[in-house]
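The values are calculated or read from the model by the stated rules, or taken from the named source; none is laboratory data. It should be emphasised that the depicted structure is a prediction, and the values quoted were computed from it without experimental measurement. FYI the Cβ positions are ideal-geometry reconstructions off the backbone, even for glycines, and counts take in every protein chain you see.
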Amino acid sequence: MIDYIVCSDPSVLEVSSYNNGPYTSGAIYWDANSRQFKVVDANGNSQTISAGTANINVGSRLREMITWYEQKKLEEAQIKTLCEQYPNLAEAKKEFDVLYNIVKEQQ
């Protein structure tokens with residue numbers, strides 16, 4: 001059983017967990033008929049262990065990254081399509097890429 005699920009950076013993953021297990025001591029058994037765990041105490045009383053839940057969602061920062069990635073991917077596909085249609089644009093992009101790399105290396 002997992003008591004808690006935590007994330008060190010909630011802006012990446014938002015995590016919440018809930019576990020409402022029994023507050024009794026005893027032996028834990030698997031009840032195959034009901035497909036649940038049960039705690040049987042020293043007096044023979046059994047109590048079902050309710051399943052815990054965990055909610056894991058994309059955090060705000062990761063959501064922003066995914067949005068940026070999707071926009072960038074679409075933009076690059078559009079540029080590729082336009083470069084295939086217009087050879088002059090493809091040549092200009094090659095020149096831009098070369099100049100960009102030269103400037104980047106000099107910094």
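I'd like to verify a number: residues in the stretch 47-62 that are outside any strand (DSSP E or B) and either under 24 Å from S11 (Cα atoms) or aliphatic (A, V, I, L, M) (or both), how many?
Counting residues in the stretch 47-62 that are outside any strand (DSSP E or B) and either under 24 Å from S11 (Cα atoms) or aliphatic (A, V, I, L, M) (or both) gives 7.
Inside the stretch 9-21, can you point out the residues that are modelled with pLDDT under 85 and in a loop (DSSP other than H, G, I, E, B)?
Those that are modelled with pLDDT under 85 and in a loop (DSSP other than H, G, I, E, B): N19, N20, G21.
If I filter the stretch 22-39 down to residues being among the β-branched types (V, I, T) and either farther than 11 Å from S50 by Cα or in a loop (DSSP other than H, G, I, E, B) (or both), which single residue comes out as farthest from the chain's Cα centre (by Cα)?
Of all residues in the stretch 22-39, those among the β-branched types (V, I, T) come to 24, 28, 39.
Pick out the ones that are also either farther than 11 Å from S50 by Cα or in a loop (DSSP other than H, G, I, E, B) (or both) and you get 24, 28.
On the way: T24: 35, I28: 33 Å.
Out of the qualifying residues, it is T24.
Let me confirm something: among G52, G59, which residue is surrounded by 12 or more Cβ atoms within 10 Å (Cβ to Cβ) and within 17 Å of the chain's Cα centre (by Cα)?
Working: G52 fails: within 17 Å of the chain's Cα centre (by Cα).
The match here is G59.
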